[in-house]
1. Among the residues of region 69-91, is any within 16 Å of the ligand (Cβ to nearest atom), at positive phi and not β-branched (Val, Ile, Thr)?
2. Identify the single condition in (1) away from the ligand (no atom under 16 Å from the Cβ); (2) farther than 28 Å from Gly315 by Cβ that Ala165 does not satisfy, given that it satisfies every other one.
3. Kindly check whether there is at least one residue in region 228-251 that is within 21 Å of the chain's Cα centre (by Cα), over 18 Å from Gly308 (Cβ atoms) and surrounded by fewer than 24 Cβ atoms within 10 Å (Cβ to Cβ).
4. Provide a single number: the residues in region 72-95 that are touching an Asp or Glu at 6+ places or on another chain (Cβ under 8 Å), buried (at least 24 other Cβ atoms within 10 Å of the Cβ) and either outside any loop (DSSP other than H, G, I, E, B) or modelled with pLDDT under 95 (or both).
5. I want to confirm something. Restricting to region 97-129 and keeping residues that are buried (at least 23 other Cβ atoms within 10 Å of the Cβ) and of a type in the set (A, V, I, L, M), which single residue is nearest to Asp41 (Cα to Cα)?
6. Scan region 115-152 residue by residue and report those that are at pLDDT 95 or above and hydroxyl-bearing (Ser, Thr, Tyr).
7. Return the total of residues in region 424-442 being surrounded by fewer than 16 Cβ atoms within 10 Å (Cβ to Cβ) and hydrophobic (A, V, I, L, M, F, W, C).
8. On the given criteria, is Leu348 within 25 Å of Cys49 (Cβ to Cβ), away from the ligand (no atom under 16 Å from the Cβ) and either in contact with a helix residue (DSSP H, G or I) (Cβ under 6 Å, 6 or more places away or on another chain) or hydrophobic (A, V, I, L, M, F, W, C) (or both)?
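The values are calculated or read from the model by the stated rules, or taken from the named source; none is laboratory data. This is a predicted model, so every value here is computed, not measured. Positions of Cβ are backbone-derived with ideal geometry, glycine not excepted, and every protein chain shown enters the neighbour counts. Note: areas computed on protein heavy atoms with side chains; ligands, DNA, RNA excluded. Shrake-Rupley method; radii C 1.70, N 1.55, O 1.52, S 1.80 Å.
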Amino acid sequence: MSLRKQYRRDFLGVLGWGALTAVAAQAKDRLWNVVLILIDDMGWRDLTCYGSQFYQTPNIDALAREGVRFTDAYAGAPVCSSTRASLLSGQHPARLHLTDWIPGRGPWPTARLLPAPMEQQLALERKTLAEALHESGYVSASVGKWHLGGPQYYPESQGFALNVAGTHRGSPSSYFGPFDLPGLKGGTSDDYLTEKLTEEAEKFIEANRDRPFFLYLTEFAVHQPIQARQTIVEKYRARLRPDDPQQNPAYAAMVESVDVAVGRVVRKLQEVGIADRTLVIVTSDNGGLIYEGRSPRPVTSNLPLRAGKGHMYEGGIRVPLIIKWPGITSGTPCAVPVCSMDLFPSVLEMVGRPAGSEAFDGQSLVRLLKGDRRLERHALYWHYPHYSNQGGVPSGAVRQGDFKLIEFYEDGRLELFNLKEDLGETRNLAKANPGKARELQQLLERWRRSVNATMPESNPGYDPEKSDQGLTGAQPPTD
Ligand SMILES: [Ca+2]
């Protein structure tokens with residue numbers, strides 16, 4: 001543990017929250033609270049305000065009407081831990097060498113490539129958003145899924161004074177109690193995990209209403225296992241329509257449960273009188289999951305986007321993002337491409353804290369939130385040197401303007417799409433427009449070098465006859 005972190009712990013331990021209260025009291029009128037709600041695996045079209053005809057999400061839709069709904073927001077990666085690391089550090093997963101979910105899987109003995117080596121935690125040396133806000137007197141809580149390393153890397157060591165339910169694997173065995181999660185034990189068989197987390201979030205808001213706080217509410221839902229309250233499942237069963245690609249009533253009920261959670265948090269902010277000085281951000285860590293484990297029944301559909309979680313296509317990386325900044329945002333959607341590592345510098349600027357010496361891969365979205373629709377950024381990049389549980393293969397991607405290029409690392413093949421004309425990525429333009437494909441591939445390659453990205457290597461045991469075994473199709477339920 002670094003000296004800086006030790007000092008922080010001592011500061012909290014010896015002086016306690018009383019000292020923080022004093023800091024907060026002086027600054028009460030100018031500091032914003034920050035509520036960041038991360039919904040695990042929520043797909044781009046899983047909300048009514050993003051076009052779902054099946055799921056009902058009135059609470060998140062209300063935030064979209066008062067905030068900015070980003071139509072082209074992206075997760076830093078097509079899987080969990082990488083995006084979480086990028087969100088909390090402002091750094092790209094490739095730079096962090098945290099390029100897959102923790103612990104990841106493989107190598108597969110006969111696959112074409114050996115996955116790139118990766119970190120198993122977000123290093124303590126990386127400054128997190130909670131640590132940056134702590135320097136301004138904030139108290140922070142992580143409520144829910146962590147998935148950024150084992151016990152010594154838990155939220156308590158990354159700037160959070162409170163940690164409820166931070167597991168190292170990140171996935172609970174069940175949404176129904178009894179729960180065996182740190183800080184959240186003793187549930188009964190009627191308890192529903194999402195509701196228990198909401199209660200913890202409400203308690204934290206209530207207890208910290210008079211001091212600036214950062215609540216990182218990181219829902220386990222709508223990640224598998226797909227379990228929901230039966231009464232809500234029945235409601236959605238009655239709403240099924242044969243022509244709707246979204247067809248899973250239990251998943252729909254889980255979506256509703258997180259929407260209700262968001263509504264409860266917003267109401268608690270209003271109830272204690274701090275809603276007008278609290279930023280609320282809702283987003284997801286990767287695209288929607290299409291197939292759960294060995295079940296042949298789709299979990300959700302990201303259509304019109306192609307594919308889902310674990311893939312470099314839009315369905316794997318494009319996610320909902322809504323930011324409400326009371327008094328500033330006004331419900332106008334924004335189509336400028338943005339990414340999860342933008343949230344750290346954005347929050348710092350929104351709360352009026354200069355970024356200081358921190359260097360980010362993301363950039364502040366404040367001018368977009370204020371209504372300007374321009375952002376000076378050359379391109380957005382992704383790097384996933386792994387085989388995913390959902391059939392995704394080692395690949396990288398770059399989006400520049402309307403164009404997106406995917407480079408597949410197994411054989412170097414390129415796919416080029418014009419997202420403005422072809423949102424579903426159905427027409428590969430790489431052969432028709434080789435100049436553009438080459439230009440973007442070179443851009444991607446230069447960027448990989450600049451962040452010292454780790455690449456997968458050729459597998460000496462590669463066997464084309466068996467290379468697909470265990471990589472695609474049905475997989476056990478994991479991250
Ligand atoms: Ca996830």
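1. Among the residues of region 69-91, not one is within 16 Å of the ligand (Cβ to nearest atom), at positive phi and not β-branched (Val, Ile, Thr), which makes the answer no.
2. So Ala165 meets the others, but not (1).
3. Checking region 228-251: not a single residue is within 21 Å of the chain's Cα centre (by Cα), over 18 Å from Gly308 (Cβ atoms) and surrounded by fewer than 24 Cβ atoms within 10 Å (Cβ to Cβ).
4. Number satisfying all stated conditions: 7.
5. Ile102
6. Matches in region 115-152: Thr128, Tyr138, Ser140, Ser142.
7. 1
8. no
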